[in-house]
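Encoded as structure tokens, the structure appears first; notes follow it.
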Amino acid sequence: MSAMDAGFYFVEDENVPMHVGSVLVFEGPAPSYGDVIRRLLSKLDGVPRYRQRVKSLPLHVGRPVWVDDDHFQILYHVRHTAVPAPGNDDQLRNLAGRVFAQRLDFAKPLWEMWLVEGLEGGRWALISKVHHCMIDGVAGTDLMQMLLDFRPDATEIGEVTEWKPEPAPSTLDLVGSGLKDAVTTPVKHLSAIPGLARRLRSSSELLDVGRALAGSLPGTVKRLTTRAATSLNGPIGPHRRWVWAKADLAEIKQIRKVTGGTVNDVILTAISGGFRDLLEKRGELTDGMVVRTMVPVSMRSKDEHNKLNNRVSAVLVNLPVSEADPLKRLAAVRAQMDDLKGSRQAAGADVITGLGDFAAPTLLALGSRTAMRFPQQLLQTVTTNVPGPRVPLYFLGRPMTEMYPYVPIASTLRISIGIFSYLDQITFGVNADFDGVPDVQLLADGIRGGFDSLLAEVSRPASS
């Protein structure tokens, strides 16, 4: 595992299941359970991690390694269920929330899929869970497109080839390799420091990033010291509330035509409106308050697609929840994002993240767990925006109509928001601690209301 993948693995505990997930909704009729099994089996040669489990080493003398599961049984990983009549969205969301709250079995390959029948309108769904140590958001999109089809006439199940697991190395051999790597890996990385610079294309660009980061330091300090809505932080338990919201890309384009900016600027502004509604209805909104979010940024190059691992960095953004005017909120978000792009914060953070490769595995395990358990109030949420395909996808000829993402919560972050685009629709999966955020539906409704308020403003006649 890479340092980042291992970090996601080490963070997991009884209250912090670290898998990402999705709910994919299709038009019917639903395929049979057997056809789903055979279809997935025909694709598994292209995703070897799905037949591998994680093997940890004693005292974490080496990073966890992937080994073939000699007891792999796909019938364990693919489940079959149905929701009772009428099969509405609330029932599907509640089912998915319970499924997402349950931890994956670390003794087996770290994924599950649920075939869900009984949705109203003759629809059906797939609920998918994959541990974050296997994929990030972009890799998850690649995986989805690998399992689905681009053609409605692609109804063939595919050939299922025989698979035999490779013998797992002995624990003694892995301990020996781990001790060797603990000594040699930092040396290798020291000798390959230009490789860190190559992530930024050239050493001169590395210097540019350094200068940009230094120049942006005053703005960064100001952002990080602005009073945040720390009432949103707190301990988390084992249960989850998961809700969703929707928007159309046409709505966002209508807003951008008047205001400028990017699709992401508009999305973050709508999320700001959602948090404003939540805090206002709780009686916790004050002047000048912000909700600080971490926005993951993919650092994956074009030739790194179809690789199941994590290649992400992040920027920190203050959501201006105290601003009542929707257009002023958008202007504040846009100015902030423009400043972050100029500061190259994400690229600089990627280089810093790469320094995790220097850490001994034992320290990496300790550091990851400590960081995620240490109470913090710097961040209140995570907002992950993953662009999806703009063309229809199909499963055995059935069209996928909607896809809703699930992003885990951890530490004292009680709320996370996954954002996914498919065709001309943007969907939001809002994940929250069950006990700490009983009013999470207010946030989801407020996100939808954030788009509505922006549309109302840009639609006003100029004379008004």
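The values are calculated or read from the model by the stated rules, or taken from the named source; none is laboratory data. Just so it is clear, the structure is predicted and the values come from calculations on it, not from any experiment. Cβ placement follows ideal geometry from the backbone for every residue including glycine, while neighbour counts extend to all protein chains displayed. With ligands, DNA and RNA removed, areas are computed over all heavy atoms of the protein, side chains included. Shrake-Rupley method; radii C 1.70, N 1.55, O 1.52, S 1.80 Å.
Residue by residue through segment 246-257, which ³J(HN,Hα) values in whole Hz follow from phi under the Karplus form 6.51 cos²θ - 1.76 cosθ + 1.60 (θ = phi - 60°), with glycine and proline marked x?
These are the phi-based 3J(HN,Hα) values: 9, 8, 9, 4, 4, 5, 5, 5, 5, 5, 5, 4 Hz.
Ordered by packing density, taken as the mean number of other Cβ atoms within 10 Å over each peptide's residues, highest first, how do 251-259, 28-36 rank?
251-259, 28-36
Would you mind getting the Kirkwood hydrodynamic radius of segment 1-81 from its Cα pairs, rounded to one decimal in Å?
15.5
Please list, ordered by chain and number, the residues whose modelled amide H lies under 5 Å from the amide H of residue 78; skip anything fewer than 5 residues away on the same chain.
Result for residue 78 returns 113.
Per the 1.4 Å probe, what fraction of the accessible area of segment 383-461, in percent, lies on carbon and sulfur atoms?
57
Taking the mean number of other Cβ atoms within 10 Å as a proxy for protection, how do you rank 96-107, 6-17 from highest to lowest?
Order by mean packing, descending: 6-17, 96-107.
Mind listing the long-range amide H neighbours of residue 52? Cut-off is under 5 Å, sequence gap 5 or more, other chains count too, H placed in the peptide plane at 1.01 Å from N.
69
Residue by residue through segment 381-394, which ³J(HN,Hα) values in whole Hz follow from phi under the Karplus form 6.51 cos²θ - 1.76 cosθ + 1.60 (θ = phi - 60°), with glycine and proline marked x?
6, 10, 10, 10, 10, 10, x, x, x, 9, 10, x, 10, 9
Taking a threshold of 30 Å on the Cα-Cα distance, which of the pairs 281/341; 108/341; 129/341; 253/341; 43/253; 129/257 fall above it?
281/341; 108/341; 129/341; 43/253; 129/257
Report the local net charge at residue 111: Lys and Arg +1, Asp and Glu -1, summed over other residues whose C-beta lies under 11 Å from its C-beta.
+3
Karplus couplings for segment 318-327 from phi (6.51 cos²θ - 1.76 cosθ + 1.60, θ = phi - 60°), rounded to Hz, Gly and Pro as x?
Going residue by residue, I get 8, 7, x, 5, 7, 7, 7, 7, x, 5 Hz, with x marking Gly and Pro.
I want the local charge near residue 99. Using Cβ-Cβ distances under 9 Å, sum +1 for each Lys or Arg and -1 for each Asp or Glu among the other residues.
+2
Could you list the trypsin sites (Lys or Arg not before Pro) in segment 378-450 that lie in coil according to DSSP, counting only those with at most 15 other Cβ atoms within 10 Å of their Cβ?
Those satisfying the criteria are 390.
What accessible area per residue, rounded to a whole number of Å², is obtained for segment 36-134 using a probe radius of 1.4 Å?
39
Find the accessible area per residue for segment 407-464; the probe is 1.4 Å, ligands and nucleic acids are left out, and the unit is Å².
Heavy-atom accessible area per residue stands at 33 Å².
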